[in-house]
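Read through the structure below, which is laid out as C-alpha cells, and then see the notes.
Laboratory data are not the source of any read-out in this text; all were calculated from the coordinates shown. Please read these numbers as outputs of a predicted model, since none were measured by experiment. Here Cβ is always computed from backbone atoms with ideal geometry, including for glycine, and neighbour counts include all displayed protein chains.
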Amino acid sequence: MNEPLFFSVGGVRTTVEFVAPPLNPGADLTVADTTTVGLLRPGAGNTLSLPPGEKAKVWNSVSTILARCAEASLGRDSTIAGVGGGVICDVTAFAASVYMRGCGLVLAPTTLLAMVDASLGGKTGIDFLGFKNLVGTFYPASRILVCPAVLAGLTDREYLSGLAEVIKSAIIGDARLFALLEERHGEVLAREPALVGEVIRRSLAVKGRIVEEDPREQGRRAFLNLGHTFGHALESATGFSGWTHGEAVAWGMGRALAAGVRLGITDRAFADRARALLERYGYRLQAGVGLGDLSVAFARDKKRQGGRTRLVLASGLEEIVVREVSDEDLAAALAESRR
C-alpha cells in the first residue's frame with residue numbers, strides 16, 4: 001500500500017510518494033503555515049511561514065514567497081515546496097509557476113482535502129476581489145509527499161472537509177470506494193489507518209486518470225467540479241466564513257443532485273442514496289440561500305457560458321454529464337435547500 005503512484009499531467013511526470021513524519025521535502029525554499037511548520041524535519045533550511053486558512057490565499061502571500069525566492073537568489077533550477085493544506089498548496093504552486101516563468105515544485109499536503117484534491121493535477125490559484133480561485137495557472141508538481149499519519153492531528157471538521165471530496169471522487173469514478181464509505185462508515189470516521197490509506201489512494205487514482213486525459217479542463221476534467229459550482233458560490237456569498245470548503249462542496253453536491261432530478265438527468269433512487277451518504281457523514285444540505293444571494297458569484301463562475309451556468313451532474317454512480325442550465329433551474333434546486 002506504500003508503493004508510489006505515477007501520473008503524467010500536461011507533460012509533467014508527477015510522483016506521489018507515501019511517507020512517514022517528519023516531512024522532508026528537500027527544497028530550496030519550503031513554504032508552510034504556522035500550524036504545519038512544526039511537521040517539518042528539524043533543520044529543514046530556508047523556511048517561510050504564512051498565516052493559516054483561506055485568508056492567506058491572496059496575492060500578498062504570493063508576493064511574499066516571490067520576494068523570499070529573490071532574496072535567496074533562487075533560479076529556475078531551484079525547487080519550492082509547499083507543506084500544508086489546500087491554501088498552502090495552491091499559493092505555493094502559483095508562486096512556483098510564475099517565479100522566473102516556472103521553477104521546481106514539490107507539495108506535501110497535510111490535510112485530507114489537500115491529499116485527495118488540491119495537490120494533484122496542477123491547478124493553482126488565489127482568491128481575488130472576493131471570488132474563489134479567480135486568478136491562477138496550471139502547473140503540476142513533480143513530487144507529492146502524502147503522509148497519512150498527520151491526519152490524526154486534524155479536527156473532525158477538517159477531516160470531514162476532505163472527506164467530502166472523497167465522496168465526490170467515489171461518485172465520479174469509483175463505485176467500490178462509494179460502497180466502502182457506506183459499509184465502513186464507523187471505521188472511516190475513526191480514521192482507521194489502513195482504510196484511510198486505501199481511501200486516499202483510490203481518490204488519487206480517480207483524479208489522476210482524469211487529469212492525465214484532460215490536464216487543462218477542456219473536457220472530462222470538468223467532472224471534478226461536481227458540487228463546486230454551487231459550493232464556490234456559497235463560499236463567495238458568505239465571505240468564506242461559516243462553511244469549510246468541503247462542507248460547501250457537500251452542500252453543492254446536494255444541489256447538483258436536486259438539479260439533476262429536476263432536469264430528468266439524475267436517477268432519483270441514486271440521488272436519494274447519495275444524499276443519504278452525505279447526511280450520514282453529517283453534512284448540511286440546507287443553507288437558507290436563494291439565487292439572489294448567489295447570483296453575483298454564479299456570474300463570475302469560470303464555467304459560465306453564454307449567460308447560462310454549466311453544471312456537472314451525476315445521472316448515476318460513475319455516470320457524469322455537463323449541462324447548461326437556466327437560472328430557473330438553479331433557483332429551483334436552491335429552493336429545495338431552503339426547506
GNM of the chain, Cα pairs under 10 angstrom: of G282, G231, G208, the biggest fluctuation goes to G282
For the R308, E71 Cβ pair and Förster radius 45 Å, calculated FRET efficiency rounded to 0.05 is 0.45
Straight-line reach check, K55, cutoff 14 Å on alpha carbons, 8 or more apart in-chain or any other chain, hits among aspartates and glutamates -> D33, D90, D127, E235
Log10 I(q)/I(0) at q = 0.08, 0.09, 0.11 Å⁻¹ for segment 5-154, from Debye over equal alpha-carbon scatterers, is -0.18, -0.23, -0.34
Least to most buried among T79, T30, by other C-beta atoms within 10 Å and fewest first, runs T79, T30
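Rank the residues C147, C103 as a footprinting-exposure proxy: fewest other Cβ atoms within 10 Å of their Cβ go first. If you can, show how the numbers build up before the last one.
Working: C147 19, C103 22.
By the 10 Å Cβ count, ascending, the order reads C147, C103.
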Between the Cα axis of helix 86-98 and the main Cα principal axis of the chain, the angle (0 to 90°, nearest 10) is 60
For segment 5-154, averaging the sequence separation of alpha carbon pairs under 8 Å that lie six or more residues apart and dividing by its residue count, the contact order in percent is 27
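Which three numbers, in whole Å and largest first, are the semi-axes of the equivalent ellipsoid of segment 93-231 derived from its Cα gyration tensor as √(5λ)? Provide the component values of the computation, followed by the final result.
Numbers: eigenvalues 133, 58, 43 Å².
For segment 93-231, the semi-axes come out at 26, 17, 15 Å.
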Of D127, D33, D77, the most mobile residue in a GNM of the chain (C-alpha springs, cutoff 10 Å) is D77
Relative contact order in percent for the chain (Cα pairs under 8 Å, 6+ apart) equals 14
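Under the definition of Cα pairs under 8 Å and six or more residues apart, what whole-number percent is the relative contact order of segment 156-339?
Values: 253 pairs, mean separation 47.2, N = 184.
Answer for segment 156-339 is 26 percent.
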Under the 7 Å Cα-to-Cβ spin-label approximation, A276 and R184 lie apart by a distance in nanometres of 2.1
Cα-based Debye curve of the chain sampled at q = 0.06 Å⁻¹ gives log₁₀ I(q)/I(0) of -0.19
Expressed in µm² per second, the diffusion coefficient of segment 1-88 from the Stokes-Einstein equation, with Rh the Kirkwood radius over alpha carbon pairs, at 25 °C and 0.890 mPa s, is 171
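Can you sort M253, M100, M115 from fewest to most other Cβ atoms within 10 Å of each residue's own Cβ? Don't skip to the answer; put the middle values down first.
On the way: M253 27, M100 14, M115 32.
Lowest count first: M100, M253, M115.
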Using alpha carbon centers only, segment 264-296 is separated from segment 123-167 by a whole-angstrom value of 22
